[in-house]
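Every number in this text was worked out from the coordinates using simple rules, so none of it is lab data. Keep in mind it's a predicted model, so treat the numbers as computed, not measured. Glycine gets a Cβ as well: all are built from the backbone with ideal geometry, and neighbour counts include every protein chain shown.
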Amino acid sequence: MKEQYQFQCLSNFQKRFSMKLKMINKELEYIKVVIDGNCNPMVLHNSVYLLYSKMKQLYVRIIIFSQCFQIQNMDYETLFTILPKEPKKWSLEDVSQWLNFVGLQQLQTTFTKNSIDGSCLELIEENDLIEDLGITNKIVRKKLMHWLKTGLKEYASHIKSTTFEDRRYEKMEQENTTLENTESAQPQYGQINVSHDMMTNYLKNNEMYSQQFQQPLCEIENKPQFQKKQQTGILIEQDLEKFVSKVQNELIIQPTEGPQTNFYCIKESGGKIGRHSSNQILILEESISRFHAEVIFQNEEFYIKDIGSTTGTFIKVETKQQLQIGMVVELGSNQFEIQQVNVNGANIDVVMAIIEGPNTPEKHVINLTPQKSVTTVGRKQTADLTFSEDHHLSNIHAKICLIDGRVYLEDMGSTNGSWLRLSREGQASQLYPLQNQTVFKIGTTSTYLCKRTTQLVADRSHENSCIICIENDRDALYMPCKHNTACLKCSKNLKDCPICRTKIQDIIRIYKN
């Protein structure tokens, strides 16, 4: 009996994935035709790219299915081959088969004698098992109650999802059969035209992926024949021009300090930051300007730009930052403007004026020589430039050093960090690149960490849809890998990330512009 169950379960899995494997096989056949026909290399490139996309989707689906079975811990697939209907519709014979399946054959006579069918199962309580059915074994009662209160409800949901998938696959199989018959009925126009006909069928069969193309893959030589196919409804030229293969770049912005807790996902269209309700990233704080900063995507990179804010936009200094005239750096509570860099032979004098903070308008001159090439800044008295009353400074907060004739600022592992301000108050700044793990600050308190991600846009109408339910938006971010593939509801059933297989420690809801 056990071997029979395993065989039925294997057949069910084969049915589920046979459609995907058939689509991949069709793609391989098309690649062979393209190579034999010496067609445009771009056609081969796009075809190989789509083959990779299908195999990746099949891999992700297998991972999701395997995780679902791990979570359920009950063999719903095998039970479905025996009783493929909802528990509340079970007859007395069905209930007996279910008891045999769960290993409680000794209770079949008792359940049949008391006329317990599927409509009664969900109403049974533990007291009924003891008083009415005479089940005294505590372990048996626990097993029964686990199935009655949890297992049967999950099995009902499993049946609905399985039925939906089977209908979808049957529909796709029917469409494939129809298209193959249509193709065989078409006259042959030569080798190159046959390649176009196969491309037409291929795009129709794989509608989800065909929407990646925005222009024809190669020139169509026989225009009247292609127009004839338009009338048959297989494919119209206007639809073919909408297809394009594309990789979507995204920037995940994660709050690290301050009152903000929302994650944001900035796409290639960019987004504005500020206190006004029209901004994509809304920060309701008095220290934030109505239109404070803007994130822009150009030349395959994300950039941030201050658009004339009052309190400024800052980039955290993680490595050595070269100092130039006009730069503004924040150390502790004070903001220093580099006003002059005077070179006198091997010696360099750096003139720094405090333009904002408790020590305004002090001006300090730092003399750097080959013999003393480092000047420290901090709250401790041993620092070369001391601000003992500034409690936002660390003991040795940062150092200004001379390296190869250039002046650099380096943070010394301070608590509050050293920051580069993009522009002075009320002035728009230049674009500053946002790399992976770049930390930036908006105003005085809101600090964010950047995470660069990319994803394949397979279907424009579902490019932000959950890969599990294909209904809700992807609003769940997995920690610590920061991948975003599913909705919050579906993500609750996942233990590992479907992309990188990293164990999910926490799930955070994000809001996309």
### Query
Can you work out the FRET efficiency for the pair Lys89 and Lys138, with r the C-beta to C-beta distance and R0 = 35 Å, to the nearest 0.05?
0.70
### Query
Nearest-5 percent of antiparallel DSSP beta bridges in the range 316-421?
95 percent
### Task
State the three equivalent ellipsoid semi-axes of the range 76-166, derived from the C-alpha gyration tensor as the square roots of 5 times its eigenvalues, in descending order and whole Å.
23, 13, 12
## Note on the structure
Simple SL model, points at 7 angstrom along Cα→Cβ for Lys113 and Cys500; separation in nm is 6.0 nm
